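A.B. asks: Submitted below is the structure of interest, expressed as structure tokens.
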Amino acid sequence: MARMKGGEVIADVLIQEKVPYVFGICGHGNVGMLDALYDRQDKIKMISPRHEQTAGHMADAYYRVAHKPVATLTSCGPGSANMPMSLACAQADSSTFLAITANVPTSQFNRGPFQESYQHFQADFPSVVRPYVKRSFQPSRVDMLPTAMRQAMHLMTSGRPAPVNLDVPYNVFQEEDDVELPQPRLPGAAKRMGASPEDITQAARLVVKAARPLIFIGHGVTLSEASVELTELVDKLGIPVVMSPNGMGTLDMNHPLSLGFIGRNGTWAANQAGRHCDVLLTIGARFDDRSSSSWVPGYSWNIPPTKLVHVDIDPAEVGRNYDVELGVAADARTFLRQLLSELNGYSPMPTREGTEGWRRSIAEWKAEWEAHIAPNFGMDTSPMRPERVVGDVQRILPDDAVLVCDSGVHHNWFMQHWSARRPQRMLNSWGFSAMGFGVSGVLGAKLAAPDSPCVAVVGDGGFTMTPHVLCTAVEYDLPAVWVIWNNYAWGAIRDLQLGAFGGREIGTSFRNSDNGQPYNPDFAALAKSCGVDGIKVSRSSDFAGALEHAIASNKPYVIDLEVDPNVKPISVGTWRLPPLTPPEPAFGKPWRP
């Protein structure tokens, strides 16, 4: 045992667990922790962005790319109160980081000192983040830290990942005690639970006997790093695949059996396959409203009569929104390996009788969709058409590039038309849809993948929420690229408002009070004031070259890109917000058996 300060215990456990970064903001409450990090700068690096929300999004994105957790550090009161946004974003998308928050000294609990939350319980910050973390620990003595750190590090990466909070009173960082650090966790300590042999046998029989089988994959397949196994299964059986945005790239989306995203702004082929399949094997996806057309039969799914085999590491998600033919609580990669072993000797779908019509329908739906969308990708306009933006980004970025999308109307276009070639290379704020995730997260992505281009496509509204990321990029030499989708509006909400309320609009467009014309800052000039190169692009023919130059510069770079606000994403499903009248698809019609 060694005599150590609390801050030293925390820092040494992080180092022992090979945590490379702490993303944090200083405050009076965490100076003891900062002092411990000062002595360990050669083993763990402190990066200080200009806002706590950004620290959380950076940590979230780092995990999504590297699948290794990092930590955040914030002070008492408002510093930590800025964290719920990024914690909720990570929790909703099954990402994780250790959120170390400071609190008031234990000797002052329940006395209302500076920045204490004490209305219902002393030092009550853990109640603030309770809905958004897997667990909150509040050790009140130094000798409690080793156990809390061991449990926190294990919990946040075992099972379904989610953030964990370590709330540390001010004095605990600086007080000393004789402590023994926990043993380092062994690789694979977070066990990959598998399915029972009976469930594997039943799943295999359902899939191979289907006339119209389909696979639906989500973030669980990405998190389990099951791309190889998924691809082997698809090639072995010849079954088409639809996916949620956080599952994109686990199967190369240029694969002939990849149908893309399913849902309101998915592809026609994906939604048609979802409507018509007779057996659906779903792995690591939770059937949220946007990937299921708000669960309305006939728009994305018909479950039942479609028989659902639902596999998820979180038993609470199995059967949450649809009745299952077979529910399986299992890790995605373990399940796929078990299923592949069970399927030895089975024939692939293209050689089985009764599947010819399904294969023919899939090919026809893909061709119909491609014929409908293809002409818009080559149009040269000013401002740019959204399809041309997606197409140029796709053409310029190498396969190993990391694309980080923020929340906004631009995300709808990328969900519908982007083809991810590799896993962990398209990051989305999906479940919580937090503006700022893409703007800030690209910095964490760049730290996780320093040799890959990292490009954030963000809305003009979202960027102006956290523009201080430019300062952090300069301070820490992080050559990220921001493509600002400038349509002079909260575009997604403006379109919803115009469509649902008879053309009435308020509070969604950005306008100059003097003349009523569209207004935004000069984002390129704003970037330059921060020491970041920037350029404004208004015409399609100028964008690809600007993006190539931005990536080649290997410096932080901003492209202020004017995009036509009057071109709407193509709806092939629906999204219902009761009691508003739901929109019908702009392409195709729903189908019910």
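A.B. asks: Among the lysines, which fall within straight-line cross-link reach of residue 366, defined as a Cα-Cα distance under 26 Å, with same-chain neighbours fewer than 8 residues apart omitted?
C.D. replies: Within reach: 209, 236, 307, 568, 589.
A.B. asks: Then there's this: Among all the lysines, which ones have a C-alpha under 30 Å from residue 45's C-alpha, if same-chain residues fewer than 8 places away are not counted?
C.D. replies: Straight-line reach from residue 45, under 30 Å: 5, 18, 68, 134, 191, 446, 528, 555.
A.B. asks: If Rh is defined by the Kirkwood formula over all Cα pairs and Rg also comes from Cα, what ratio Rg/Rh do you get for the range 76-192?
C.D. replies: The Rg/Rh ratio comes out at 0.99.
A.B. asks: Using alpha-carbon pairs under 8 Å, 6+ residues apart, how would you state the relative contact order of the range 2-179 in percent?
C.D. replies: 28 percent
A.B. asks: Would you please report the Å³ per residue occupied by the convex hull of the alpha carbon atoms in the range 116-161?
C.D. replies: 73 Å³
A.B. asks: For the residues 592, 275, 422, what sequence is obtained by ranking on other C-beta atoms within 10 Å, fewest first?
C.D. replies: Ordered by Cβ neighbours within 10 Å, fewest first: 592, 422, 275.
A.B. asks: What is the dipole size for the chain, taken about its Cα centre, with +1 at each Lys and Arg Cβ and -1 at each Asp and Glu Cβ, in debye to the nearest 20?
C.D. replies: So the magnitude is around 1020 debye.
A.B. asks: Report the charge-dipole magnitude of the range 382-562 in Debye, nearest 20, computed about the Cα centre from +1 at each Lys and Arg Cβ and -1 at each Asp and Glu Cβ.
C.D. replies: I would put it at about 300 debye.
A.B. asks: Continuing with the same structure: Got a sec? Charge dipole of the range 382-562, +1 on Cβ for Lys and Arg, -1 for Asp and Glu; which of 444, 503, 489 is way out at the positive end?
C.D. replies: Towards the positive end, the residue furthest out is 503.
A.B. asks: Counting every Cα pair in the chain, what percent are over 47 Å apart?
C.D. replies: Within the chain, distances greater than 47 Å cover 16 percent of Cα pairs.
A.B. asks: Using Cα pairs under 8 angstrom and six or more residues apart, how large is the relative contact order of the chain, in percent?
C.D. replies: Relative contact order, the chain: 14 percent.
A.B. asks: Could you tell me what percent of the DSSP beta bridges with both partners in the chain are antiparallel, to the nearest 5?
C.D. replies: DSSP beta bridges in the chain are roughly 10 percent antiparallel.
A.B. asks: Hey, another quick one. By the scheme Lys and Arg +1, Asp and Glu -1, what is the net charge of all other residues having a beta-carbon under 12 Å from that of residue 59?
C.D. replies: Result for the local shell: 0.
A.B. asks: Can you tell me the orientation of helix 332-342 relative to the chain, as the angle in degrees between its alpha-carbon axis and the longest Cα principal axis, to the nearest 10?
C.D. replies: On a 0 to 90 degree scale, this one is about 40.
A.B. asks: In nm, what is the difference between 0.36 nm times the number of residues separating residue 295 and residue 320 and their Cα-Cα distance?
C.D. replies: 7.9 nm
A.B. asks: If you don't mind, there's one more thing I want to ask. Among 14, 254, 516, flag the residue with its Cα farthest along the positive direction of the charge dipole of the chain, charges on Cβ as +1 for Lys/Arg and -1 for Asp/Glu.
C.D. replies: Towards the positive end, the residue furthest out is 254.
A.B. asks: How large is the dipole of the range 26-160 about the Cα centre if only Lys and Arg carry +1 and Asp and Glu carry -1, each at its Cβ, rounded to the nearest 20 debye?
C.D. replies: Roughly 340 debye, rounded to the nearest 20.
A.B. asks: Sticking with this one: Before rounding to the nearest 500, sum -39500 (n - 2.57) across all DSSP H runs of length at least 4 in the chain and divide by the residue total; then give [θ] at 222 nm in deg cm²/dmol.
C.D. replies: Computed mean residue ellipticity for the chain: -10500 deg cm²/dmol.
A.B. asks: For the range 382-562, just say rounded, prolate or oblate: build the C-alpha gyration tensor, square-root its eigenvalues into a ≥ b ≥ c, call rounded for a/c under 1.5, and beyond that prolate if a/b exceeds b/c, oblate if not.
C.D. replies: Prolate.
Bear in mind these aren't lab numbers, they're just calculated from the coordinates by the rules spelled out. Only a predicted model underlies this, so the values are computations on that prediction, with no experimental measurement involved. So basically every Cβ, Gly included, is an ideal-geometry build from the backbone, and we count neighbours across all protein chains shown.
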